[in-house]
Amino acid sequence: GAAPTDMELISSMMQKIALLEQNVKKQAQEIQLKDRKIAELEGKMKTLQKGEDAPDSSRAEKLETRCLQLQTQVWEMERFLNDYGLIWVGESHEQLEDSESLKDKEKLPARSLWKPGEAVASKHQIDFDLILENVKDLNALAGEGISQIEHMPGGARLRQPEALPLMLYQNGIILCNGPFRPYEEPSTQQCLQDIMDGYFPSELQTRYPNGVPLQVTDKRDVVFRERCLPGSFPGHGQVVGHSKSSEVQETTEIPGPKLSLEQFLNKLPKSLIRGGQAIAVRDSIRATLQGSDGAQSSEVIRVETPKLSALKRVKTAEEAEPPAPDICTLRIKSETGEQTYVVKMLFTETIGDLRQHLTHTRGGDSESYEIISTFPQRVYADNSQSLQDCGLTPHASLLLREK
């Protein structure tokens, strides 16, 4: 065919150039998207590298701080229980798990578990004289006998730092009027080792960063015996052929102020949610403590009811007639727990009749209080219900609560 003209060549070149421009624009857009993805990936890589390169010291410090907080919390809980003669003994399966975990810990390397300190004093390494001498030096550093300025709203005053009591027994210590801590416990060994090394106990560092004076009572010749749990053997065991030394004294009393019932209850929450229901904690524990032997002295008041008066008339001097099967006996604690009302009533009598009998004996308004049962907790507010319908027969224990 004929050769292409100049115009045909120019138009062909223009079409190719237009296609190339489109390809260039498309590739430029793809390059921009890839650059953005690369930048995002580089940022993630830097973040991961920083996390891997960060030293473990900060994490170890956090774990150490958390461990100290938990130790303090356990100490406060033990002190709280000890104020009422309670001791945490745990469960049998937990003890088995602890023994197994201790065996496993012995196989692990030393660095796998954090410990509060490596210097631990055993029972045979405790130097009582060194402790007393170092405590004097520590008290001087803590400002014993020196008045400090205490700022108050509207002014300031001079105040001497209060000393924390420290009781040294032959088999353990009591610090800050807390629970008895035998020398076999690692925390007790660490505390005494700190003092023997000339430092304040590390467990007090959080609450007293500047130190605090210690008032030491030396009872190294006295053996502290913890209170026996119910059902345990109450006597003392002796080895055949050996007599107990009369020089060693024993004691079970922990010095320090005791909390009253109201102070103990104020430390507890008012109610808890269990299974979608609100459970009044303080009322149940108050009734339990007031009803337990020796928890609180209570005056027993027998309420004169028509049925009780009739029974007294029938009784003879030699033999008392047994109560009829349709009579129930109610023991009712007052709001303060100082009085216990014993009421004998018929099964068919009502809650309203019970209120009338209590009002006749107590005086006051019969509607100013609520009649409740402790466990399960129930409020008896319907005065028309009979005692049998309420399930208070043949005998029941109730509690009065202010509205």
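The values are calculated or read from the model by the stated rules, or taken from the named source; none is laboratory data. Just so it is clear, the structure is predicted and the values come from calculations on it, not from any experiment. Don't worry about glycine lacking a Cβ; one is built from the backbone with ideal geometry, like all the others, and counts go over all protein chains shown. These accessible areas exclude ligands, DNA and RNA; they are computed on the full protein's heavy atoms, side chains included. Shrake-Rupley method; radii C 1.70, N 1.55, O 1.52, S 1.80 Å.
The set of residues in the range 163-206 that are touching a Ser or Thr at 6+ places or on another chain (Cβ under 8 Å) and either open to solvent by 40 Å² or more (accessible area, probe 1.4 Å) or small (Gly, Ala, Ser) (or both) comprises Gly172, Glu203, Thr206. Which fully enclosed helices (runs of 4 or more DSSP H) of the range 206-319 have 1 or more residues being at pLDDT 75 or above, not assigned by the TED database to the domain that holds Thr350 and not aromatic (Phe, Trp, Tyr)? The helices (runs of 4 or more DSSP H) meeting that bar are 261-266, 281-291. Check whether at least one residue in the range 61-84 is modelled with pLDDT under 90, surrounded by 10 or more Cβ atoms within 10 Å (Cβ to Cβ), outside any helix (DSSP H, G or I) and hydrophobic (A, V, I, L, M, F, W, C), and report yes or no. For the range 61-84, residues modelled with pLDDT under 90, surrounded by 10 or more Cβ atoms within 10 Å (Cβ to Cβ), outside any helix (DSSP H, G or I) and hydrophobic (A, V, I, L, M, F, W, C): absent. Within the range 388-402, no residue that is without any contact (Cβ under 8 Å) to a residue 60 or more places away in the chain and more than 17 Å from Val342 (Cα to Cα) sits with its Cβ atom under 9 Å from a residue that is part of a strand (DSSP E or B) and among the acidic types (Asp, Glu) at 6+ positions apart or across chains. Taking the range 342-390 as the range and being open to solvent by less than 20 Å² (accessible area, probe 1.4 Å) and part of a loop (DSSP other than H, G, I, E, B) as the test, the residues that pass are Tyr380, Leu387, Cys390.
Being outside any strand (DSSP E or B), open to solvent by less than 90 Å² (accessible area, probe 1.4 Å), modelled with pLDDT of 70 or more and more than 14 Å from Cys191 (Cα to Cα) is a property that holds for Asn139. For the range 151-162, a residue qualifies if it is of a type in the set (D, E, K, R) and either surrounded by 10 or more Cβ atoms within 10 Å (Cβ to Cβ) or touching a Phe, Trp or Tyr at 6+ places or on another chain (Cβ under 7 Å) (or both), and the qualifying residues are Arg157, Arg159.
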